[in-house]
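The values are calculated or read from the model by the stated rules, or taken from the named source; none is laboratory data. This one's a predicted model, so the numbers in the text were calculated from it and none came from an experiment. Neighbour counts are summed over all protein chains in view; Cβ atoms, including those assigned to glycine, are modelled from backbone coordinates with ideal geometry.
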Amino acid sequence: MKIDIKKSTKSVNYNRAIQFLEKKVNKVIDNKSNEFIWILEHPYTFTGGKTYNKSEIIDKKINIIESARGGKITWHGPGQLICYFVIDLNKRKKDIRKFLNVIENTIIETLKKYNISSFSDRKNIGIWVKKNNKTKKIAAIGIRVKKWVAYHGFSLNINNDLDSYKKIVPCGIKDKGVTNLKLIKNQNYINIDKEIISNFVKNLKTITF
């Protein structure tokens, strides 16, 4: 199965990105397009998934874009890597949990390459790190499945400003914080997108017939 890879060097508007993804999903369902992985960055944006609650908005002045993805409220913006995908589970194991494991392992293995230890949490979806005995989120995951084609994706905080998260309850979780890679380990992350793509493609093979 061929997977088309796209990387946008300029910031991409959230709504435009999702419209593009949704068109791609329909083409994949109709067998008119290859599967797809897209690395990009969004401008300053707050989005709310299918289960978000307005009580999670702390700063009532902010604008929330309601999204069809799973999950609650989050922030996107400069310094945060977004990995979107359109993956056909009809040609793989039709198991959402196994697909989530693929995403989780992709992020965990990528961070391990940079000597950063991270982990998943069944109760609180996403990837987490521990620093000074505090558990903080480093990557958020939100997916949607249409006719067994999975899309939307995950975000990884690299060197973004964390103050924006003070305006919301990130992912609806009050007792854990959010961090970025530069704060965990100040090093060069310039090729991390290549590591993510490589690990994602490799891990997809574990659920491919």
Here the qualifying pairs (Cβ atoms under 9 Å; residues six or more apart or on different chains; first in region 160-171 and touching a residue at least 24 places away in the same chain (Cβ under 8 Å); second assigned to a helix (DSSP H, G or I)) come out as ASN160/LYS182; ILE168/GLU56; VAL169/SER55; VAL169/GLU56; PRO170/GLU56; CYS171/GLU56
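Could you list all residues from region 23-50 that are among the hydroxyl-bearing types (Ser, Thr, Tyr) and closer than 18 Å to SER155 by Cα?
Here is the first cut: in region 23-50, the ones among the hydroxyl-bearing types (Ser, Thr, Tyr) are 33, 44-45, 47.
Within region 23-50, TYR44, THR45, THR47 meet the criteria.
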message = Any residue at all in region 23-37 that's surrounded by 17 or more Cβ atoms within 10 Å (Cβ to Cβ), of a type in the set (Lys, Arg) and in a helix (DSSP H, G or I)?
response = yes
Picked from region 127-165 (must be at pLDDT below 95 and assigned to a loop (DSSP other than H, G, I, E, B)), the residue nearest to ASP88 (Cα to Cα) is ASP161
Selection over region 129-157 where residues are surrounded by 15 or more Cβ atoms within 10 Å (Cβ to Cβ) and either β-branched (Val, Ile, Thr) or over 30 Å from PHE20 (Cβ atoms) (or both) yields a count of 8
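Starting from residues that are among the aromatic types (Phe, Trp, Tyr) and in a loop (DSSP other than H, G, I, E, B), keep the ones in region 166-209 and report whichever is farthest from LYS6 (Cα to Cα).
Here is the first cut: in region 166-209, the residues among the aromatic types (Phe, Trp, Tyr) are 189, 200, 209.
Next, only the ones that are in a loop (DSSP other than H, G, I, E, B) stay: 189, 209.
On the way: TYR189: 19, PHE209: 25 Å.
Of everything passing the filter in region 166-209, PHE209 is farthest from LYS6 (Cα to Cα).
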Among (1) part of a strand (DSSP E or B); (2) over 13 Å from the mean Cα position of the chain (by Cα), ASN15 falls short only on (1)
Conditions (1) modelled with pLDDT under 95; (2) surrounded by 14 or more Cβ atoms within 10 Å (Cβ to Cβ) -> LYS123 fails only (2)
ALA68 passes all but one of the listed conditions (1) touching a strand residue (DSSP E or B) at 6+ places or on another chain (Cβ under 9 Å); (2) modelled with pLDDT of 95 or more; (3) closer than 30 Å to LEU111 by Cα; (4) in a loop (DSSP other than H, G, I, E, B); the exception is number (2)
| Just wondering, is there one or more residues in region 56-74 that are buried (at least 20 other Cβ atoms within 10 Å of the Cβ), within 22 Å of THR208 (Cβ to Cβ) and either of a type in the set (S, T, N, Q) or in contact with a Lys or Arg (Cβ under 6 Å, 6 or more places away or on another chain) (or both)? | no
Log entry, pairs with first residue in region 87-115 being part of a helix (DSSP H, G or I), second being at pLDDT below 95 and surrounded by 20 or more Cβ atoms within 10 Å (Cβ to Cβ), beta carbons closer than 8 Å, six or more apart or on different chains, reads LEU100/ILE125
